[in-house]
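Asks: What follows is a single structure, and I will ask about it in a moment.
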Amino acid sequence: MHPFVNIATKAARKAGSVIVRHIDQLDQIEIQAKGRNDFVSSVDKLAEEEIIYTIKTAYPDHAILGEESGQSGDNEVQWIIDPLDGTTNYLHGFPHFCVSIAIKQDNMLEHGVIYDPLRNELFIATRGRGARLNDVRIRVSKARSMQQSLIGTGFPYRQDKDVETYLACMKEVMDSCHGIRRAGSAALDLAYVACGRLDGFWEADLQPWDTAAGCLLIKEAGGMVSDFNGEDKFLDSGNIIAANPKVFIQLTKILRKNLKN
Ligand code: 2AM
Ligand code: CA
């Protein structure tokens, strides 16, 4: 295992312990609103501090982009951190959330780690080296068509969101596939595409820390990822379509048809 992945794994497990330790005291957790429907809790902050401490102890000079603490440092290596993806789920006791850590080197996504502390599931990927779940190699699903597919998504949350366009996309996807799931943690949903539990996923306006690790996992598991224009700029736009190669073509077709409306 690459030394960076070792540290990322250690950091993700420590953050996971912080998250699980506080789960039976949800009523005592301090919550602040960052924006409409966008909450941060003291647990998000504690978990991010734990991750950054672990990284900085090993690599004091590396740069960090954290959901809670923002950008710091100037280095060819940048750690992209979501200490608790699925905060709304967590605050409601809905058991679907994770820690996500990605590492960029010279502007390339090199490593990704996603950890689900409740199920003790650790997803890791390194560019060119494949993706693993708890040390076992994973592949995207073998579904050959939308009709056989379970598709994940996230609802639009921005105030200026275009709900009509989203609903048009959802309607057509719903009519074409086996089922849709909206589970509330984009990072974990992407990890589920990587290991074949979902056949595809789409969502708009995500942040780099929601998607960086999950997208690398999917690519390393043989899947495809793009933005809504069919390009590779999903980290900039936050618009993501991801799936196994067969479903990707069909899902992209449906979404792009409706997104043009
Ligand atoms: P979060 O839990 O870390 O905020 C839900 O559709 C997905 O969107 C989650 O992964 C959630 O991550 C992410 N997301 C990003 N920005 C958000 C926002 N402003 N409000 C709600 N969810 C957001
Ligand atoms: Ca997130």
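The values are calculated or read from the model by the stated rules, or taken from the named source; none is laboratory data. Keep in mind that what you see is a predicted model, and the values were worked out from it rather than measured. Every residue, glycine among them, receives a Cβ derived from its backbone with ideal geometry; neighbour counts consider all protein chains shown. All accessible areas refer to the heavy atoms of the entire protein, side chains included, with ligands and DNA or RNA removed. Shrake-Rupley method; radii C 1.70, N 1.55, O 1.52, S 1.80 Å.
Asks: Run lengths n ≥ 4 of DSSP H only: what is the helix-derived mean residue ellipticity at 222 nm for the chain, with -39500 (n - 2.57) per run over all residues, to the nearest 500?
Replies: Working: 8 runs with 97 residues, N = 261.
Calculated mean residue ellipticity at 222 nm is -11500 deg cm²/dmol.
Asks: Say the dipole of the range 3-137 comes from +1 at the beta carbon of Lys and Arg and -1 at that of Asp and Glu; which of A15, Q32, G73 then lies farthest toward its positive end?
Replies: Result: A15.
Asks: Could you sort M174, M146 by accessible area so the largest value comes first, with the probe set to 1.4 Å? Write out the running numbers ahead of the final one.
Replies: Working: M174 100, M146 5 Å².
Descending order: M174, M146.
Asks: Return the FRET efficiency for the residue pair Q105, L167: r is the Cβ-Cβ distance, R0 is 35 Å, and the value is rounded to the nearest 0.05. All intermediate terms of the calculation are to be shown ahead of the outcome.
Replies: Working: r = 40 Å, r/R0 = 1.14.
Given R0 = 35 Å and the Cβ-Cβ separation, E is 0.30.
Asks: Using a probe radius of 1.4 Å on heavy atoms only, what accessible surface per residue do you get for the chain? Whole Å² is fine.
Replies: Working: 12180 Å² over 261 residues.
Computed with neighbouring chains in place, this is 47 Å² per residue.
Asks: Right, next: Past the 23 Å Cα-Cα mark, which pairs from K171/K257; K104/K161; K10/K34?
Replies: On the way: K171/K257 12 Å; K104/K161 30 Å; K10/K34 28 Å.
Long pairs (Cα-Cα over 23 Å): K104/K161; K10/K34.
Asks: What shape does the range 146-255 have by the C-alpha gyration tensor, where a ≥ b ≥ c are the square roots of the eigenvalues, rounded means a/c under 1.5, and otherwise prolate means a/b greater than b/c and oblate the rest?
Replies: Numbers: a/c = 1.43, a/b = 1.04, b/c = 1.38.
Rounded.
Asks: To test your reading of the geometry: what angle, between 0 and 90 degrees and rounded to tens, separates the Cα axis of helix 3-21 from the longest principal axis of the chain?
Replies: Approximately 90 degrees, to the nearest 10.
Asks: Next question, about the same structure. If I take every Cα pair under 8 Å that is 6 or more residues apart in the range 146-255, average their sequence separation and divide by the length, what percent do I get for the relative contact order?
Replies: Values: 200 pairs, mean separation 31.4, N = 110.
29 percent.
Asks: I've got another one for you. How high is the relative contact order of the chain, given as a whole-number percent (alpha carbon pairs under 8 Å, six or more residues apart)? Intermediate results must be reported in sequence, preceding the final value.
Replies: On the way: 594 pairs, mean separation 43.4, N = 261.
Answer for the chain is 17 percent.
Asks: To the nearest 20 debye, what charge dipole does the range 78-168 have about its Cα centre, counting +1 at the Cβ of each Lys and Arg and -1 at the Cβ of each Asp and Glu?
Replies: Working: 11 positive and 10 negative charges, 106 e Å.
Its charge dipole is roughly 500 debye.
Asks: Any chance you could look up the accessible area of E220 with a 1.4 Å probe, heavy atoms only, rounded to 10 Å²?
Replies: Counting only protein heavy atoms, the figure is 30 Å².
Asks: Also: Please report, in debye to the nearest 20, how large the charge dipole of the chain is about its Cα centre when each Lys and Arg carries +1 at its beta carbon and each Asp and Glu carries -1 there. Walk me through the intermediate numbers first.
Replies: On the way: 30 positive and 35 negative charges, 238 e Å.
The dipole magnitude comes to about 1140 debye.
Asks: In a shell of Cβ-Cβ distance under 12 Å around T126, excluding T126 itself, what net charge do Lys and Arg (+1) and Asp and Glu (-1) give? Numbers along the way, then the final one.
Replies: Working: positive: R127, R129, R132, K219; negative: E110, E220.
Local net charge: +2.
Asks: Turning to a different aspect of this structure: Please work out how much accessible surface S17 shows to a 1.4 Å probe, ignoring ligands, DNA and RNA, in Å² rounded to 10.
Replies: Accessible area, nearest 10 Å²: 60 Å².
Asks: Given the whole protein assembly as supplied and a 1.4 Å probe, what does the accessible area of E231 come to in Å², nearest 10?
Replies: Using a 1.4 Å probe on the heavy atoms, I get roughly 80 Å².
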